[in-house]
1. Can you give the FRET efficiency for ASN162 and ARG86, using 1/(1 + (r/R0)^6), R0 = 41 Å, r = Cβ-Cβ distance, to the nearest 0.05?
2. Under a crude label model (7 Å from the Cα following the beta-carbon direction), how far is GLN65 from ARG147 in nanometres?
3. Kindly count the pairs of lysines across region 5-90 whose alpha carbons are less than 23 Å apart, treating pairs on different chains or eight or more residues apart as eligible.
4. What distance in nm separates the two pseudo spin-label positions at ALA50 and LYS123, each 7 Å out from Cα along the beta-carbon direction?
5. Give me the distance in nm between label points sitting 7 Å out from Cα along the Cα-to-Cβ direction at GLU7 and ASN154, one decimal.
Amino acid sequence: MRDDIPELQNKVYNGDTQAFKELYDCFCASLLQLAMAMVHNREMAEEIVADVFIAVWNKRKSLPQVTNLKWYLYAATRNIALNYLRKYAHKKTLQLDESYLPDYEINPEAQLISNEMVRHINKAIGELPPQCRLIFKLVKEDGLKYREVAVLLNISIKTVENQVGIALKKLTQMKGILTIPLTGNH
């Protein structure tokens, strides 16, 4: 995740379309995954994320009041997804697109791990139950705190803790090869 989000936020406030594109590029995949986990339909999820960014651009003059843009984008995605679910609840015959899994970037340290190991790790993450996988991604990849994930998904902090614990246990059962920091983002 980029560390210059406040700078991008300020540039978007001033109407900088390039900064807006960079903001979109930075958050699109994560927001899309959240929306997909909620609505279980890729096209609808893409529409939700587009709506989020349209709203951000249209309301960019209020951006200086937003103290945590990352959290704001996640909350906006959740709210718009809930609105879509209410609106299209009668058409809910959609299934989770299991083919859409997050791309896990490999930092220089992780490049030492063989491609085979990366494949096993991604397979293990992909085999997690959908809610467990989403919570794990939000906490470990996107860096949200447990309480933020709990509010975002309308679940208890204890549920977040338990799901992260389940994910870590399943991932560390890979013959102890995978090491993920066990410290939580409480």
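1. On the way: r = 28 Å, r/R0 = 0.69.
Between ASN162 and ARG86 the formula returns 0.90.
2. For the pair GLN65/ARG147, the computed spacing is 2.3 nm.
3. 9
4. Result for the modelled spin labels: 3.7 nm.
5. Between GLU7 and ASN154, the simple spin-label model gives 3.9 nm.
FYI, it's all coordinate maths here, none of it is from the lab. Given the structure is predicted, the values throughout are model-derived calculations rather than measurements. Methodologically, a virtual Cβ is constructed for each residue, glycine included, from the backbone with ideal geometry; neighbour enumeration extends over all protein chains shown.
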